[in-house]
Amino acid sequence: MRDDRRDCPYCGRSMEEGYLLEKADHGAASVTAWVEGAPERSRWTGLKLKGRRVLRVKTYRCKSCGGLASFAPET
């Protein structure tokens, strides 16, 4: 399947690419990311990320049923 076209895993119709928005308490916005391993708290940054893979999450929304499908490709 090409990266720019996805079919909905729920109804089989076409999906459009978008992203999930993360908003911090102070109003900053970012794109959702996948982090390997279980979350570990950090006093200074909220969560420890050092030495872990962090991948941008691509999310697609079905134009018909509204279903969401998320992927975290290596590239």
Counting only protein heavy atoms with a 1.4 Å probe and every protein chain in place, the carbon and sulfur fraction of the accessible surface of the chain in whole percent equals 51 percent
The chain - Debye-derived log10 I(q)/I(0), Cα point model, q = 0.16, 0.17, 0.18 Å⁻¹:
-0.71, -0.77, -0.83
For the stretch 1-44, what is the convex hull volume of the alpha-carbon atoms per residue, in Å³?
153 Å³
Determine, from the Cβ-Cβ distance of T32 and E74 and an R0 of 25 Å, the FRET efficiency 1/(1 + (r/R0)^6), rounded to the nearest 0.05.
0.95
Would you mind working out the accessible area per residue for the chain, using a 1.4 Å probe, and quoting it in Å²?
81 Å²
Dipole of the chain [Lys/Arg +1, Asp/Glu -1 at C-beta], most positive-end residue of C62, M15, T45:
T45
Loop by DSSP (not H, G, I, E, B), at most 11 other beta-carbon atoms within 10 Å: where is the longest site-free stretch of the chain for GluC sites (Glu not before Pro)?
1-35
Heavy-atom accessible area with a 1.4 angstrom probe orders D7, D25, most exposed first, as D25, D7
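The values are calculated or read from the model by the stated rules, or taken from the named source; none is laboratory data. Note that this is a predicted model, so its numbers are computed, not measured. We place every Cβ from the backbone using ideal geometry, glycine too, and count neighbours over all the protein chains shown. Side chains included, ligands, DNA and RNA excluded: accessible areas come from the protein's heavy atoms. Shrake-Rupley method; radii C 1.70, N 1.55, O 1.52, S 1.80 Å.
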